Every structure is written in structure tokens, then in C-alpha cells.
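See below for the structure under consideration.
The values are calculated or read from the model by the stated rules, or taken from the named source; none is laboratory data. All of these numbers come straight from a predicted model, not from anything done at the bench. For neighbour counting, all protein chains shown are included, and Cβ atoms are generated from backbone atoms with ideal geometry for every residue, glycine included.
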Amino acid sequence: MTPTHSSLADLQKFGMARVVRVLGDDSTALRLCELGFTPGTEVDLVRRAPFGGPLVVHLRGYQLALRPGEARRVEIETTGGLR
Amino acid sequence: MSASSPTESRPATPPKSQPKRSIALVGSPNSGKTTLFNALTGLRAKTGNYPGVTVDRREGSFREGTTEVQLVDLPGTYSLHAISDDEAVTVQVLNGEFPGVAAPDAIVIVADATTLERSLPMIAEVLLLGRPTVLALTMIDELKARGGDIDIFALRRELGVPVVGVVGNRGLGIGDLREQLLDPSKWSAAKDLPEGDTISRFSWADALLKRVTRHPVSESGLTRRLDNLLLHPVFGGLVFLAFVTFFFQAIFSWAGPAMDSFAGVLDQAADWTLATLPDSWATHLLADGIIRGVGAVVVFVPQIALLFALILFFEASGYMARAAFVVDRIMGWVGLEGRCFVALLSSYACAVPGIMATRTIPSPKDRLATILVAPFATCSARLPVYALLISAFVPATPVVGPITLQGLTLMGLYLLGAVSAVLFAAIFKRGMLRGASLPFYLELPPYRFPSISSLAIQVWRRVSLFLSKAGKVILAGSIVLWFLLNFPVSEAPEGSTESQAAQYQIENSLAADLGRGLEPVFEPLGFDWRINIGLIGSFAARELMVSTMAQVYAYEGDSEEVEGFADLLTRQDPETGQPMMSAATGFSLMVFFVYALLCVSTIAVVKRETGGWKWPIFQLGYMFAVAWVGAFITYQIAA
């Protein structure tokens, strides 16, 4: 059975996660990679804007706001730790 | 004459004098690059455009002894794989691939010491270009304050290139950096750089950072606490509304006293000119055409300077990114993004700086859509016209507390503009400008107190740019308008008062011919030739509409006095027995003014920002159509 992976868009607050990979190979995927979403990178969700707005994630020592569309491109696995 | 055979190639053009050596600053947005550039160059810098694209070209220099160093501040980018126009410029210039622009001789990479974990891979990319490079680490003070400690000497050993720590907004380390910049040939070369793709660069970076970091930097507690407040779903929204209100309030009241004194000085200058110079049409051109005409716009400089200062302050402090975050979902509903909001908000003071502010929007389609609807924001130049018309045709009956019917009407006009802007942005993004935009991502930097000197330099540069670009256009417009109003020269009959003479002159001028010629177009809206002249005047500068109309209606008093002029408009015209201007016409004119692009400066800046005449002409056309239809409907209903 294939393990289900979630994306950054599904990440819950206070949950730590690790990046598995970035989906796709267009310029958006490359830019996400360049922003630090590389395999093994630790990310956590800082906050979400209401009504499906952008989320703020924390990775590599900085904070980045992403729309859900872009966040869905980042496959993660939750590590179960708390921030 | 040399006897060269036709097959011999022509001799090469003699080389120009050795081009000055230039050093480029490269770095990601929010790295403190611009503050550093301003600290290094001070006022010895100018902003222009790169040929063929609307991307800011900032170049400056500094002098140390007999050596002059040329610096270029390249647009910020997150990597050397460009995904937007300004990133493309940075990459092309670095590679010497930008036509007409020489590759820089040396490079300064500017990187925030607190985010090396993200920026090291790009540092590697730039080092791989093989050019003499020095690394300037900014925010060193913040690094220490947040408990971080990086062994800069170790970093230098690992990378191979010189590394200088600076605190841009306090001038620390600037002297050391300047010294380094004097002679790039002395810089050591990079070594042990990663081969391969982005992922391998990050592995390299992580390993390197482990070796040079004595203590990792912790999160900024202040930023976290402030964000919990400012980005709170409910509270953050309220703070945002307060921010918008504060913006409006600041622009409309704080700039007031400065604007009044500007106006006073200009009036005196005009009067002095009329009194001192020999009476001739040239003198009148100078006083009434040029000084008053250009002055009407120069008066807005304090407001525009304040607007730029506020935008730059909030941008540099980090709050602007939060504001864009809060409003992004709403902007997304019409197909735009959060950063468009600032440009639209600024347009409420004046569309010219608002449209200039669209440069922060990475997606060309979003940018164009924002530019096309920005003039619907009720700019402050429309206020004198609204004040006049509302005063004349709307009773001051109180509705709720201190709010009167007049106040409500004004709010209604503002709302009409705002709603229309949103509506048309949605139409454009779904229609002509449809298509995938760039990915939306926005760094939220830690809150920082901006460098006031860097801010002052940037405001100065933008105001100068505004004055030189818009100023030329307004000057030309004012001169043309003056000629239209004052030729052919017509002497009024004996015994006329000064204002009657002025009125006579206007009635027989070219402008009047134009106004009468335009009547078929505007009659369905209830406009007569006199209003048409006012509209022509408004083109040069919206502010001139009222003073032009005052002359046309032979208003005796000071056109600044709204009540008196408004009163005149409602009085009976002795010739026709009707009021000078009917209420229906008044309302129709108000609606027309909400929409029509009656501003030559806006057209000029749109041409500059979109790189051609196509879009400004389209904008002029569609706005005119909307204005005409809106005014037509209003007139038919009201009449």
C-alpha cells in the first residue's frame, strides 16, 4: 500500500514536518527548491490567513508566506514533534 | 586615404575612453542591499531604466582619494534562475548578456547574516561566475542580538573570498567595505564550490554552516510577538484598517501646512511676475500659464513626498509584507495579489506615485491590471472639483450625527471609484490579461527599524523623478492650455470688470472653439461648452479644472473659496434664465470625474511604466467610455 503523503497546505499548526520533495519540474518547483524546500529540510506552520488565504511557514531561519496552491506542491512528512 | 581593397574589413571604430570599472551589488530582497548601496553612495546615485524593460536601474559612485568606484545596485533575486523581469535583468547583466550594458568588473554579494541557511546556495551560484567577488554580511548587529555567532574568519577561509561584516543602517563596517572596493584585483578567489543542482548546493551550504557557526541564531522574539498581534485573523484585520485610515489621514492632513505655504509662495511669485515684468502676453504666459499651472502640481509635492516616505518606511520596517499577506485573499478574488494593494492605496493621494509603486509586483499581468485601474482611486486632485459641485448641489442636511448628506455623497464618490477599480481589475484579469501568473510567495522579514538616511535618500530620488518626468509633461500641458485660453487675443468692451474681461477673452479663445466643437459629444451628459473648457483644462492638471472654470464663469472671488463659487453656479444666468449649471449636470459631472482619465501626468507615467503608447491610449479610451456612459445614465436619471 502506498503511504499517503501530505503537502505543506495540510500542515497543522505547531506540528513539525520535513520536506520530502517538491512536485513538478517547472519554474515554480525550481523556485520552491531555491527557497529552501529541499528533501529533509525542517518546516513548521506559523499561521494561516482565514478563508483559504496564504499560510506562513518557517524554514531555514526565515518566514515565508505561500498561497495554498504553491504550498500543495511541497510534499512533507510529519515528524510528530511539537514546536 | 588608404587604398584598402573592398574585401578588406573596415577598420574597427577607435575605442572610446576606457569605460569606468563598475562593481555590482547582488543579493536577495530584504538583504539590506539597498540600504548598503545608499550608505556607500549617498546622494551620488541616480535611478533610470534599463533599455527596453521597465526595471529600475540604480547606479552610483563614491570617491576615496583619487579613485572613483562605480556601483550598480542590481534588482534583488533569490537565485540566478530568473522568473521575473527584474531578476532576468540581474542575471543578464551579471553574465554580460544584457544588450548595451557591460558586465560588472567585480561583484559584492550582499547577504543577511541571519538567513545564511537560505542564501548560501545563491552565494555559491554567484561565486561560480568566477568574477572577483566579496561577500558583505549585513544585519550583524541583529545576529548578535538574537544570540547568533558566526566565525567570519572561518567563513572567509571556507569560501576563499573576502568577507566583510556591516551594519548598513548604522554605517558600521562601511569604511572597511569601501576600502576593499577600491581594488578588486586584491580579492582572493573562491574555492571548493559545489557542483551540481540546487539540492546539492543546499547540502554543501548546510555542511559549511555547521563548520562556521559558533552559535545558531534564534527566532526574533519581537517579530513573533508583533506578528501574533498584527497577523491575528481578527485583530490583524483591525490593525490593517487602522493602517489604511492612518495612511489617508496622514496624506490629507499632515501635508496640509506645507502645501499651503507652497501655494502661498507660488501665488506671490506669480503676482510679483505680473507686477514687475513689462505687461505683455509673454509675462502673462509666465505668470498665469507657467507659474500657476506648474505650481498647481508642485503644491502636491509635500503630499507625494510624505506618501513615498510612508510607503518606504512600512516597506523597510517589514510591515508592508504583512499588509500584503492580510489582504492577499481579497485581492486574489479579483485575480490580483496582496502587493497590488499598496499601489492602489497610494493612488488615493495621486495615481502617479501609485503607478510607480507597481514595480514591486513581480507578475507583469498583475502589474498591468493594477496600472490600468489605479486612476479609478479617487486622487486628491479631484477633491476641489467634488467640493465645488457637492457644495453647489447637495444640501448640508445632517444624516447621522456629524455626517451630512454632503459627506455621504463624497464617500459615495470614493466608493464608486473603489468598486469600479476592483470590478475592472477582475474583468481584465479574466479577459485580456488572463493566464498563469507567477507563483505567489512573499518573505516576511523580521521587523526592523529602517535607516532614516537611506529612507531620505530614496524619497528624494523618487520625488525628483516624479518632478522631472511628470513635471515636464505638466509644464508643456500648462503652456498649451494657456495658449488655448488666451488666443486669439480679444479685447473686452469698455467698462468691463477684470473678471468680465477675462471671461470675454475665454469666450473668444481657441479653447472656447474647442469646447463648442465638443458639445455634440458631451451634450447628452448635460455639459455645455463652458464645462468642456474646464475638462480641457483638467487635462493639464486636474487641479486646474476649478480655476479654469472660475474664469469661464467670470467668478469674481477667489476660486479657492468653494462656497462663493458654488453659489454662483446655482444662480440664474441672465442670458438664459436658467441656473448657470443645473443640478443634473452637476451630478453627471461628478460621475464623469470619477472615471475619466483627465490627467496628462498619469498618461505620461503609464507610458513610461508600460514602455509604450499602446496601454495609455487603451486606458484613456476605456476610461472615457465608462465615464461617458456613467455620466449619461446619471444625467438622464437626474434630469
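When B:THR273 is tested against the conditions (1) on the phi < 0 side of the Ramachandran plot; (2) within 14 Å of another protein chain (Cβ to nearest Cβ), the lone failure is (2). Of B:ALA396, B:ALA357, all but one fail to be crowded, with 24+ Cβ neighbours inside 10 Å and at pLDDT below 90; the exception is B:ALA357.
Remark: B:PHE202 matches the filter, which requires a residue to be surrounded by 14 or more Cβ atoms within 10 Å (Cβ to Cβ), within 13 Å of chain A (Cβ to nearest Cβ) and closer than 25 Å to B:ARG146 by Cα. For region B:91-114, give me each residue that is in contact (Cβ under 8 Å) with a residue 24 or more places away in the chain and within 14 Å of chain A (Cβ to nearest Cβ). Those that are in contact (Cβ under 8 Å) with a residue 24 or more places away in the chain and within 14 Å of chain A (Cβ to nearest Cβ): B:ALA111, B:ASP112, B:ALA113, B:THR114. Summed over region B:43-86, the residues that are without any contact (Cβ under 8 Å) to a residue 60 or more places away in the chain and within 14 Å of chain A (Cβ to nearest Cβ) give a count of 6.
Filter region A:4-30 down to the residues that are in a helix (DSSP H, G or I) and more than 14 Å from every other protein chain (Cβ to nearest Cβ) and list them by number.
From region A:4-30, those in a helix (DSSP H, G or I) are A:8-10, A:27-30; that's our starting set.
Result: A:ASP10, single match.
When we screen B:ALA154, B:ALA190 for residues that are in contact (Cβ under 8 Å) with a residue 12 or more places away in the chain, part of a loop (DSSP other than H, G, I, E, B) and surrounded by 15 or more Cβ atoms within 10 Å (Cβ to Cβ), the only hit is B:ALA190.
For region B:276-332, taking the residues that are more than 14 Å from chain A (Cβ to nearest Cβ), of a type in the set (Asp, Glu) and part of a helix (DSSP H, G or I), the one that is nearest to B:LEU484 (Cα to Cα) is identified as B:ASP288.
Of the set (1) over 30 Å from the mean Cα position of the chain (by Cα); (2) assigned to a loop (DSSP other than H, G, I, E, B); (3) surrounded by 23 or more Cβ atoms within 10 Å (Cβ to Cβ), all apply to B:PRO104 but (1).
Among the candidates B:PRO395, B:PRO384, B:PRO375, which residue alone is in a loop (DSSP other than H, G, I, E, B) and either under 15 Å from the mean Cα position of the chain (by Cα) or of a type outside the set (Val, Ile, Thr) (or both)?
Values: B:PRO384 fails: in a loop (DSSP other than H, G, I, E, B); B:PRO375 fails: in a loop (DSSP other than H, G, I, E, B).
Of the residues listed, the single one that is in a loop (DSSP other than H, G, I, E, B) and either under 15 Å from the mean Cα position of the chain (by Cα) or of a type outside the set (Val, Ile, Thr) (or both) is B:PRO395.
Looking only at residues in region A:31-78 that are of a type in the set (Val, Ile, Thr) and facing chain B (nearest Cβ under 7 Å), the one that is surrounded by the most Cβ atoms within 10 Å (Cβ to Cβ) is A:THR38. Considering the conditions (1) of a type outside the set (D, E, K, R); (2) over 29 Å from the mean Cα position of the chain (by Cα); (3) not in a helix (DSSP H, G or I), B:LEU116 is excluded by exactly one of them, (3).
Of the residues making up region B:260-292, those that are surrounded by fewer than 17 Cβ atoms within 10 Å (Cβ to Cβ) and touching a Phe, Trp or Tyr at 6+ places or on another chain (Cβ under 7 Å) number 0. Residues that are modelled with pLDDT under 90 and over 18 Å from B:VAL463 (Cα atoms) within region B:23-53 comprise B:TYR50, B:PRO51, B:GLY52, B:VAL53, listed in sequence order.
Residues checked against (1) out of contact with any helix residue (DSSP H, G or I) (no Cβ under 8 Å at 6 or more places or on another chain); (2) closer than 28 Å to B:PRO616 by Cβ:
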| position | (1), (2) |
| --- | --- |
| B:VAL373 | no, yes |
| B:ALA377 | no, yes |
| B:VAL385 | no, yes |
| B:ILE390 | no, no |
| B:PHE393 | no, no |
| B:ALA396 | no, no |
| B:VAL399 | no, no |
| B:LEU405 | yes, no |
| B:VAL419 | yes, yes |
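If you go through region B:419-459 and keep only what is under 27 Å from B:SER601 (Cβ atoms), modelled with pLDDT under 90 and surrounded by fewer than 18 Cβ atoms within 10 Å (Cβ to Cβ), you end up with just B:MET432. Scanning region B:308-337 for residues that are within 21 Å of A:PHE51 (Cα to Cα) and within 19 Å of the chain's Cα centre (by Cα) yields B:MET320, B:ALA321, B:ALA323, B:ALA324, B:LEU336, B:GLU337.
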